[in-house]
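A short reminder: the numbers here are calculations on the coordinates, not readings from a lab. Source: prediction; values computed, not measured.
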């Protein structure tokens, strides 16, 4: 079973603490990689969701 987490998980585990900064430094530049384990919003106001297991591994290898 996949556990889905939002952008606040990224804020908790990286130096980036707000959504705009996370988008600028992580979500937009690395979109192709992250799309493999994420659900990007289709419209403004929808949530970004990430597989916790894969996001944790990706952050450890690429950000933290």
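Can you bin the chain into rounded, prolate or oblate? Criterion: square roots of the alpha carbon gyration tensor eigenvalues sorted a ≥ b ≥ c, rounded for a/c under 1.5, prolate for a/b above b/c, oblate for the rest. Write down the numbers at each step before the final one.
Working: a/c = 1.35, a/b = 1.05, b/c = 1.29.
Judged from the Cα gyration tensor, the chain comes out rounded (a/c under 1.5).
For residue 36 and residue 56 in one chain, what is 0.36 nm times their gap in residues minus the Cα-Cα distance, to one decimal in nm?
Details: separation 20, 0.36 × 20 = 7.20 nm, distance 1.34 nm.
Separation in residues times 0.36 nm, less the Cα-Cα distance, equals 5.9 nm.
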Over the chain, what relative contact order in percent results from Cα pairs under 8 Å that are six or more residues apart? 42
